[in-house]
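The values are calculated or read from the model by the stated rules, or taken from the named source; none is laboratory data. As the structure is a computational prediction, the values presented were derived from the model and not from experiment. Ideal geometry is used to build each Cβ from the backbone, glycine not excepted, and the neighbour counts take in all protein chains shown. Areas reflect the complete protein model, heavy atoms only, side chains present, ligands, DNA and RNA absent. Shrake-Rupley method; radii C 1.70, N 1.55, O 1.52, S 1.80 Å.
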Amino acid sequence: MSLPQPRRETRLDRYHDLYAERTKGLKASAVRSLFAVANRPEVVSLAGGMPNIASLPLDPLADMIAEMVRQHGPQVLQYSGAQGEERLREQICQVMALEQIDGNPDDVVLSCGSQQALDLITRTFIEPGDVILAEGPSYVGALNTFQAYQADVVHVAIDEYGLIPDALRQAALSCRAAGRRVKFCYTIPNFSNPTGATQSVSRRHELLAVAKEVDLLFIEDNPYGLLSLDHDPLPALRSFESERVIYLGSFSKTFSPGLRVGWALAPLAVKEKLILAQEAATLCPPVFSQFVVSEYLANWDWQGQIKTFRQLYRARRQALLAGLAEHMPPGLTWTKPGGGFFVWLTLPEGLDSQAMLPQALTHRVAFVPGTGFYADGLGARNMRLSFCFPSPEDILEGTRRLGEVITEALDLAQTFGLTHALPKESL
Ligand code: PMP
């Protein structure tokens, strides 16, 4: 009989005993290595969420930045305050006015993308084991941050209008009845990542009423609100309620993600904490990037540029929806977003999107499997398809390839009796 061999230590184990407990749950994405393949030119990637910045006027931008350094170098290349530049905070309030938010520049805290604002908020509020309510499915980057601070994410059911108010009430009450501390509810009201769902205005009012009733704070994450493709942007949750909502905005989707400029608009008490957290994290958010955004907003037809982005994304959404209608086998459903970047597809029972990914890459098409968007292991029958980056022609071709992959998987599953009819409640 052979004794079990001790596991051989690898270089990755070297500092294992020194790591903080909270890092133990962090794991590399199961599909990360496959995404290296997804980025090859022959693959149509419906996976990434990269904004299509090709329409930005690069030469004039380069001139503007050069002039900015020449004129204001000593200021834009220097440290500055942790809250962010006052001029930009004022401009941000004008941007938020498009969603009917009456914000005060003094309540705005700049961050390195809204992702960092999520991190600052989570480190400010969360003790290990605290509950965060979040729509299921939800943005994977937020779930990663919540996990990094050992929060327990409890998903709340959604329909085509996003969070279901009764489900939110029930989730908050039942967590509290079980003695759990519910810290906040994280929501993406416009063109959610990953489903594309948008809360109607009446739904927003209902959700705020529930928040009042059960004493809940909302984190309103809104990077896509101005990328509304069918109508004017809807009023933000924050436009109806200033104390119960921390609003997060970003220039990543309306200007440039590489500059990493986002912000939080927070109630006074929270704002003070976020400034301290920002100081501890970065001393100050990138001054140079803030000045670039500020100059852009001051000197550019930025609303015209957003219109250009909308045209570009409208054509791509049309291509994705038309391609799905033409090439998907029967038995699947998918969302029809009014903006943003994403469509959420539901496969018949018995199919597993993650298991399909290698085959999809062989067929030169990529998507993101659904399980990453849930903290509780659901999502195997879902995939997120993005329409932001490839050309409309490539998107159409991508859906044709994806149709072949799903049809093959379906044929195989039917041969082995694994598929069932799609349940009614699938989004
Ligand atoms: N929230 C959501 C819902 C997102 O989709 C993203 C980016 N994919 C972010 C936040 C982070 O964006 P950024 O940090 O670039 O502002």
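Beyond 30 Å, what percent of the Cα pairs of the chain remain?
47 percent
Per residue of the chain, what 222 nm ellipticity follows from adding -39500 (n - 2.57) for every DSSP H run with n ≥ 4, rounded to the nearest 500?
Here the helix-only value at 222 nm equals -13500 deg cm²/dmol.
Just to be sure I understand: with springs between alpha-carbon atoms less than 10 Å apart, which residue in Gln290, Gln303, Gln354 has the highest mean-square fluctuation in the Gaussian network model of the chain?
Among Gln290, Gln303, Gln354, the largest GNM mean-square fluctuation belongs to Gln303.
Give the ranking of Thr407, Thr335 by solvent-accessible surface, highest area first, calculated with a 1.4 Å probe.
Thr407, Thr335
Taking the Cα centre of the chain as the origin, how large is its charge dipole in debye, to the nearest 20, when only Lys and Arg (+1) and Asp and Glu (-1) carry charge on their Cβ atoms?
So the magnitude is around 800 debye.
For the chain, compute the number of Lys pairs whose alpha carbons are separated by less than 23 Å, excluding pairs fewer than 8 positions apart on the same chain.
10
Using a Gaussian network model of the chain whose springs link C-alpha atoms within less than 10 Å, name the residue from Thr415, Thr282, Thr187 with the highest mean-square fluctuation.
It is Thr415.
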